[in-house]
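Read through the structure below, which is laid out as structure tokens, and then see the notes.
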Amino acid sequence: MHAVELRNHAIRAAAGLGIEVREDWFDGRGGGLCQLRGRQQLYLDLAQTTDEQLGVLLDALRGQPGIESVDLPDELRQRLAV
């Protein structure tokens, strides 16, 4: 599966867990997960490569309550180690 497809599956998984995913240009400085007004938000830096964005998504999804019950492609599940 291509990195773009994995990235898109990871975005849907995050949204399914109640994480609001925002994509914007941050000049390559990266993104990450944060808590804002009681809600989890994940920022993806569009200046980063797809693989880098996927890494940010995987870091945010690891350890999230309920991630083991989310329907994920096998390759994404393996990368998350769940």
Using a Gaussian network for the chain with springs between C-alpha atoms less than 10 Å apart, which of these wobbles most: A14, A60, A47? A47
Putting +1 on Lys and Arg Cβ atoms and -1 on Asp and Glu Cβ atoms, find which of A15, G55, H2 reaches farthest to the positive end of the dipole of the chain. A15
Comparing L57, L42, L17, which has the greatest mean-square fluctuation in the GNM of the chain with Cα pairs linked when under 10 Å apart? L17
Write out the trypsin sites (Lys or Arg not before Pro) in region 13-74 meeting two conditions: DSSP loop, and at most 14 other Cβ atoms within 10 Å of their Cβ. R29, R37, R62
Which FRET efficiency value, to the nearest 0.05, do you get for D71 and R29 by plugging their Cβ-Cβ distance into 1/(1 + (r/R0)^6) with R0 = 41 Å? 0.80
Expressed in nanometres to one decimal, the distance between label points 7 Å along Cα→Cβ at L36 and V4 is 2.7
Which value results for Rg/Rh of the chain when Rg is the Cα radius of gyration and Rh the Kirkwood radius based on the inverse mean 1/r? 0.94
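Quick note: the coordinates plus some simple rules give every number you see, no bench work behind them. The structure displayed is predicted, hence computed values, not measured ones. Every residue, glycine among them, receives a Cβ derived from its backbone with ideal geometry; neighbour counts consider all protein chains shown.
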